[in-house]
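Just so it is clear, none of the values below were taken in a lab; they were calculated from the coordinates. For clarity, every value in this text was computed on a predicted model and none was experimentally measured. Note that we place each Cβ from the backbone using ideal geometry, even for glycine, and neighbour counts take in every protein chain shown.
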């Protein structure tokens, strides 16, 4: 199995679209960091404005850790697109090029083929998240240094500097899980079709639909929301609450992990039933 996964990774990185994802992140992260260097104080002051009548803020909260949070928040919009482009081609690309039969002429079952491709795309996804972490910490700390981290959601949380690194470690681990779900969904859709555009459109249509359902507070939607990955995908932010709500995080991990298993299971079933001889 290891040799097949290795082969799939080589195939992934042999395509320009896979390298473009890393290049795009390599361009976007420094761009965001530079923009925050020039306009960051204005953005931070705007975010804190509703609380200035109640709290007195002193010190410099615009530091590298805050920049990493901004970058991670912003790239949650862009990374799924980059991942879906690559993951959506994993199985549909074989159908388009007619290489299914050639692949299965090797001593490998359809299930092994799907699993090896799935592992490869998950590894690729995690590598992309690690690349985001390296660049965001590198540029953030280089330009702004370190310090206490202030986060603004429904309330203000100030995390002491010595308490920040482990929170980011868990946050990026969770980001890897969240993005793996996106990759899994695109991978699943790629098992149904024979073109690379279909999985991409289907993945983002699903994200948009589930996001709409998650954001509306209706009784009907309340029964559906716990089963949707969009209800959990941004739970990395929980690591910066004080105290951390571990029960919500564990629930999110289980829910997202279940999505991974379901998407893989559906992909295996569809490929095993697919007619590849015609």
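Of the peptides 166-172, 120-126, the order by per-residue mean of other Cβ atoms within 10 Å, starting with the highest, comes out as 120-126, 166-172. If R0 is 45 Å, what FRET efficiency do you get for residue 163 and residue 273 from their C-beta distance, rounded to 0.05? For residue 163 and residue 273, the calculated efficiency is 0.30.
Scoring 244-257, 128-141 by mean Cβ neighbours within 10 Å over their residues and listing the highest first yields 128-141, 244-257. What's the FRET efficiency of residue 6 with residue 224 using the Cβ-Cβ distance as r and R₀ = 41 Å, to the nearest 0.05? It comes out at approximately 0.55. Extension gain, residue 15 to residue 111: 0.36 nm times the residue separation minus the Cα-Cα distance gives 32.2 nm. Distance from the Cα centre of region 211-240 to that of region 256-274, in angstrom? Going from one Cα centre to the other spans 22 Å.
FRET efficiency for the pair residue 27 and residue 205, taken as 1/(1 + (r/R0)^6) with r the Cβ-Cβ distance and R0 = 30 Å, rounds to 0.65.
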